[in-house]
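A.B. asks: If you scroll down you'll find the structure; I have some questions about it.
The values are calculated or read from the model by the stated rules, or taken from the named source; none is laboratory data. All values reported here derive from a predicted model rather than from experimental measurement. Note: ideal-geometry Cβ built from the backbone for every residue, glycine included; neighbour counts use all protein chains shown. Areas reflect the complete protein model, heavy atoms only, side chains present, ligands, DNA and RNA absent. Shrake-Rupley method; radii C 1.70, N 1.55, O 1.52, S 1.80 Å.
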Amino acid sequence: MAKLTILEYPDPRLRTKAQPVEAVDDSVRRLVEDLLETMYEAKGVGLAATQVNVHQRVLVTDVSADRTDPRVFVNPQIIEREGSTEAEEGCLSVPGIFDTLRARSEKIRVRALDRAGVPFELEADGLLAVCIQHEIDHLDGKLFVDYLSELKRNRIRKKLEKERRDRVPVGATPTRSPVL
């Protein structure tokens, strides 16, 4: 397994729409393991392949308190939505930023393939439902900051760009792609 580099907002690669996985093979299973390792290392509860610059429709979650319930969704589709909820969200691609969103369904039914390529459906509510919706947004090239006002997005972008500049030692070359 390998810890992957998580792209950070406003990296334009986060806007790439992920393509469906044609077959769940060893490369997809390896990606799943890498996503899980990266998510756990970053102390997140979800991670979409788009966030690590792999544009396949794969996401992982683990919202359990003891980090023992990893879930894998290949080619996820929300097939039912119910109600609406207000929840505070953060994102590994928007580090250190949290805001309350009112744009999520309270309950969802999702259809996907598991890591073995077996189709399944799952009803989710609470944090798991919010997490799945958040990660599917990533697969569609959308970030949670898109639900915020333009003013908030601009403040977040400027803050993150300044933090990135401050992290790079003087005279060093940044290891990440330039932010456009």
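A.B. asks: Could you grab me the full set of residues in the stretch 107-150 that are over 17 Å from Gln56 (Cβ atoms), assigned to a loop (DSSP other than H, G, I, E, B), modelled with pLDDT of 95 or more and open to solvent by 30 Å² or more (accessible area, probe 1.4 Å)?
C.D. replies: Hit for the stretch 107-150 is Val118, nothing else.
A.B. asks: Out of Thr68, Thr100, Thr85, which single residue is among the polar types (S, T, N, Q), modelled with pLDDT under 95, exposed (fewer than 13 other Cβ atoms within 10 Å of the Cβ) and over 23 Å from Thr16 (Cβ atoms)? Before the answer, list the steps.
C.D. replies: On the way: Thr68 fails: modelled with pLDDT under 95; Thr85 fails: exposed (fewer than 13 other Cβ atoms within 10 Å of the Cβ).
Every option except Thr100 fails the conditions.
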